[in-house]
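No lab work stands behind these numbers, since they all come straight from the coordinates. A quick note: this is a predicted structure, and the numbers were derived from the prediction, not measured. Neighbour counts are summed over all protein chains in view; Cβ atoms, including those assigned to glycine, are modelled from backbone coordinates with ideal geometry.
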Amino acid sequence: MKYIVGLGNPGNQYAATKHNVGFMAVDLLADKWNISTSHNKFKSHCGEGQINGNKVTLIKPQTYMNLSGEAVKALMEFYKADMKDLMIIYDDLDTAFGHIRLRYQGSPGGHNGIKSLVQHLGTTEFNRIRIGISRPAPGYDIADYVLAPFAKADVQSLGEILKLTLEAIEYAVENPFDKAMAKYNKKE
């Protein structure tokens, strides 16, 4: 079983924000593979299904971004899951918009959702797909930036990057994560 976690904030006011691209990716994956994420377990919306014959659980923590680790830890403990089967999808300021980066370890880099995961899981070693949102212009408040919707000019490109993210997730479900990294990590 693979555990695919999209990070974001619950509530309609956050649905289209940059900080919710993890939720967006999980929603698209759920739609494509007909997996309902309407079950409320582990302080999350989640659902089980299959991607190309491989069992998966899709998870959208409802704890708000800064407490995402609480939900993921509860899930991992319940399933006695191996960390190598966990995949976290989230927004990243240090990856250019239009790009994704796959990593199997690393520091939180200032991302509060990842900080919470590291704190609750007790490790920095878990698979991640970082969806680039780029940094705002100097002087722009980071919190305001990540909690703002994408610019109208970026919406079409966002669709393309989410499509690439789904391809990377599907590939990583069927293949070792380092192989997915080699295939999907492109020079910016």
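Max-minus-min Cα coordinates of region 63-134 on each principal axis give 35, 22, 16 Å, with the largest extent listed first.
Placing +1 on the Cβ of every Lys and Arg and -1 on the Cβ of every Asp and Glu, with nothing else charged, gives the chain a dipole about its Cα centre of roughly 200 debye.
Annotation: peptides 126-135, 149-158, ranked by per-residue average of other Cβ atoms within 10 Å with the highest first, follow the order 126-135, 149-158.
GluC sites (Glu not before Pro), restricted to region 120-187: which are DSSP loop and have at most 14 other Cβ atoms within 10 Å?
Glu125
Relative contact order of the chain: 25 percent, from C-alpha pairs under 8 Å at least 6 residues apart in sequence. Pairwise Cα distances in region 131-188 exceed 12 Å in 74 percent of cases. Note on Asp31 and Glu167: with the Förster distance fixed at 22 Å, the Cβ-Cβ geometry gives a FRET efficiency of about 0.90. The mean of 1/r over all distinct Cα pairs in region 90-188, once inverted, gives the Kirkwood hydrodynamic radius of 14.5 Å. The mean of 1/r over all distinct Cα pairs in region 38-166, once inverted, gives the Kirkwood hydrodynamic radius of 15.8 Å.
Note on region 1-60: Cα convex hull, mean projected area over all directions, 3.9 nm². Taking a ≥ b ≥ c as the square roots of the eigenvalues of the Cα gyration tensor, region 1-107 is classed as rounded, since a/c falls below 1.5. Taking only Cα atoms and a 10 Å spring cutoff, compute GNM fluctuations for the chain and point out the largest among Gly47, Gly98, Gly110. Its mean-square fluctuation being the largest, the pick is Gly110. Projected label points at Leu147 and Ser107, each 7 Å from Cα along the beta carbon direction, are separated by 2.5 nanometres. Once the chain from Lys55 to Ala182 is taken as fully extended at 0.36 nm per residue, the excess over their C-alpha distance is 43.4 nm. Give, as a single signed number, the net charge of other residues whose beta carbon lies under 11 Å from the beta carbon of Val146, with Lys and Arg counted +1 and Asp and Glu -1. Counting the neighbours of Val146, the net charge comes to -2.
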